[in-house]
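Asks: Got a structure for you, questions after.
The values are calculated or read from the model by the stated rules, or taken from the named source; none is laboratory data. Owing to the predicted nature of the structure, the values given are computational and were not obtained by experimental measurement. So basically every Cβ, Gly included, is an ideal-geometry build from the backbone, and we count neighbours across all protein chains shown. SASA here: full protein model, heavy atoms, side chains in, ligands and nucleic acids out. Shrake-Rupley method; radii C 1.70, N 1.55, O 1.52, S 1.80 Å.
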Amino acid sequence: MALTITNLSKTYPNGTQALRGVNLTIPTGMFGLLGPNGAGKSSLMRTIATLQDADTGSILLDDLDVLRDKEAVRRVLGYLPQEFGVYPKVSAEELLDHFATLKGIASGRERKEMVAALLHQTNLYDVRKKYVGGYSGGMKQRFGIAQALLGNPRLIIVDEPTAGLDPAERNRFHNLLSEIGEDRVVILSTHIVSDVSDLCRHMAIINKGEVLLTGDPLQVMQALRGRVWRKLIEKAELPALQASEQVISSRLFAGKTVVHVLADAAPDSGFEAVSPDLEDVYFSEIKNSELPVR
């Protein structure tokens with residue numbers, strides 16, 4: 001099973017071009033869509049989820065035309081949007097049963113069994129009688145995955161699912177996502193690089209509506225081997241270094257600034273070679289995409 005996106009473009013009425021000729025092939029398993037805020041990730045997710053039309057292009061889930069046969073797509077789709085609202089004074093058990101009814105699961109017995117199984121899977125069964133409005137952020141996200149799994153969908157979309165979660169809840173959510181991503185297409189849209197490096201066997205980086213890079217995270221990191229250099233500098237030295245070298249990232253450490261530079265050789269003797277990680281790949285691609293065209 002695969003989701004194939006071909007030449008997909010979308011411009012909003014205000015003139016913002018959110019998607020620019022996007023081409024992607026997304027296989028079974030966890031697929032990471034990585035990009036900064038405003039890169040076009042949510043626009044792409046909403047289009048795949050049949051919530052908005054594209055201007056040009058096509059999307060196929062195997063032989064199912066996503067843009068033309070929206071009702072058929074919705075029957076096999078699970079979706080956890082970035083902003084997931086809940087009825088605050090309804091229990092998780094009742095709300096999940098309501099969503100199952102809306103999903104077309106008519107049998108009360110089937111709904112009861114499905115709801116119980118999903119609450120167990122998302123580790124919410126012990127708090128199933130509690131109002132969802134009283135859940136923590138991580139519990140709400142796990143409830144969101146439970147509703148996305150109703151009806152055993154072939155395609156699942158999760159948009160910025162771990163933003164705002166504490167480390168413990170993020171780990172729980174990662175474990176849950178890894179369980180569900182083995183036999184269906186799961187698209188994880190995020191700006192958090194570690195979400196993709198921890199979970200995904202395939203990925204793409206997107207910025208300004210364009211796909212910059214696709215591949216296996218391990219392979220795209222290997223492509224930068226021998227070209228990433230690190231140095232600890234004073235903050236005041238950063239502007240001069242940025243003017244002379246391709247600085248792909250900088251962060252504070254113990255009152256100083258750690259910089260990563262992309263270069264074929266060490267810029268000076270103070271730099272040391274480091275093994276590239278997915279953040280280096282991500283920042284180098286984003287930086288390159290934002291350089292002025294000459």
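Condition check ((1) in a loop (DSSP other than H, G, I, E, B); (2) charged (D, E, K, R); (3) modelled with pLDDT under 95; (4) over 16 Å from the mean Cα position of the chain (by Cα)) across all residues:
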{"site": "Ser197", "(1), (2), (3), (4)": "no, no, yes, no"}
{"site": "Met203", "(1), (2), (3), (4)": "no, no, no, no"}
{"site": "Ile206", "(1), (2), (3), (4)": "no, no, no, no"}
{"site": "Val211", "(1), (2), (3), (4)": "no, no, no, no"}
{"site": "Thr214", "(1), (2), (3), (4)": "no, no, no, no"}
{"site": "Leu218", "(1), (2), (3), (4)": "no, no, yes, yes"}
{"site": "Arg230", "(1), (2), (3), (4)": "no, yes, no, yes"}
{"site": "Glu237", "(1), (2), (3), (4)": "no, yes, yes, yes"}
{"site": "Gln242", "(1), (2), (3), (4)": "no, no, yes, yes"}
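Asks: Could you identify the single residue in Ala39, Ala49, Ala18 that is more than 22 Å from Asp216 (Cβ to Cβ) and either out of contact with any Pro (no Cβ under 9 Å at 6 or more places or on another chain) or not assigned by the TED database to the domain that holds Val158 (or both)? Break it down into steps so the answer makes sense when it comes.
Replies: On the way: Ala39 fails: more than 22 Å from Asp216 (Cβ to Cβ); Ala49 fails: either out of contact with any Pro (no Cβ under 9 Å at 6 or more places or on another chain) or not assigned by the TED database to the domain that holds Val158 (or both).
The unique qualifying residue is Ala18.
Asks: For Gln141, all conditions in the list (1) under 28 Å from Lys70 (Cβ atoms); (2) among the polar types (S, T, N, Q); (3) modelled with pLDDT of 90 or more hold save one; what is the number of the exception?
Replies: Failed condition: (3).
Asks: Of the residues Glu237, Glu210, which single one is open to solvent by 40 Å² or more (accessible area, probe 1.4 Å), of a type in the set (Asp, Glu) and in the same structural domain as Leu44 (by the TED database)?
Replies: Details: Glu237 fails: in the same structural domain as Leu44 (by the TED database).
After ruling out the rest, the residue left standing is Glu210.
Asks: Answer with yes or no whether Ala223 is more than 31 Å from the chain's Cα centre (by Cα) and either open to solvent by 30 Å² or more (accessible area, probe 1.4 Å) or at pLDDT 95 or above (or both).
Replies: Numbers: more than 31 Å from the chain's Cα centre (by Cα): no; either open to solvent by 30 Å² or more (accessible area, probe 1.4 Å) or at pLDDT 95 or above (or both): yes.
Answer is no for this residue.
Asks: Same structure again: Tell me, yes or no, whether the range 121-138 has at least one residue that is β-branched (Val, Ile, Thr), in the same structural domain as Gly35 (by the TED database), part of a helix (DSSP H, G or I) and surrounded by fewer than 21 Cβ atoms within 10 Å (Cβ to Cβ). So that I can check it myself, show each step before the final result.
Replies: As a first pass, look at the range 121-138 and keep what is β-branched (Val, Ile, Thr): 122, 127, 132.
Pick out the ones that are also in the same structural domain as Gly35 (by the TED database) and you get 122, 127, 132.
With part of a helix (DSSP H, G or I) added as a condition, the list becomes 127, 132.
Going one step further and asking which of them are surrounded by fewer than 21 Cβ atoms within 10 Å (Cβ to Cβ), we end up with 127.
Yes: one or more hits.
Asks: Just the residues that are hydrophobic (A, V, I, L, M, F, W, C), part of a helix (DSSP H, G or I) and surrounded by 12 or more Cβ atoms within 10 Å (Cβ to Cβ), please, taken from the range 80-120. Outline the logic, then answer.
Replies: First, pick out the residues of the range 80-120 that are hydrophobic (A, V, I, L, M, F, W, C): 80, 84, 86, 90, 92, 95-96, 99-100, 102, 105-106, 114-119.
With part of a helix (DSSP H, G or I) added as a condition, the list becomes 92, 95-96, 99-100, 102, 114-119.
Matches in the range 80-120: Ala92, Leu95, Leu96, Phe99, Ala100, Met114, Val115, Ala116, Ala117, Leu118, Leu119.
Asks: Can you name the residue in the range 53-67 that is modelled with pLDDT of 95 or more and under 30 Å from Ala106 (Cβ atoms) and, of all such residues, is surrounded by the fewest Cβ atoms within 10 Å (Cβ to Cβ)? Before you say what the answer is, go through the steps one by one.
Replies: Step one: list which residues in the range 53-67 are modelled with pLDDT of 95 or more, which gives 53-61, 64-67.
Then keep just the ones that are under 30 Å from Ala106 (Cβ atoms); that gives 59-61, 64-67.
On the way: Ile59: 23, Leu60: 16, Leu61: 21, Leu64: 16, Asp65: 13, Val66: 22, Leu67: 16.
Looking at the filtered set, the residue picked out is Asp65.
Asks: Filter the range 18-42 for residues that are more than 19 Å from His202 (Cβ to Cβ) and at pLDDT 95 or above; which is most open to solvent (accessible area, probe 1.4 Å)?
Replies: Initial filter on the range 18-42 (more than 19 Å from His202 (Cβ to Cβ)): 18-21, 36-38, 42.
If we keep only those that are at pLDDT 95 or above as well, we get 18-21.
On the way: Ala18: 10, Leu19: 1, Arg20: 99, Gly21: 27 Å².
Taking the candidates together, the pick is Arg20.
Asks: Could you tell me whether the range 182-198 includes any residue that is surrounded by fewer than 17 Cβ atoms within 10 Å (Cβ to Cβ), within 19 Å of Ala148 (Cα to Cα), out of contact with any Pro (no Cβ under 6 Å at 6 or more places or on another chain) and among the acidic types (Asp, Glu)?
Replies: yes
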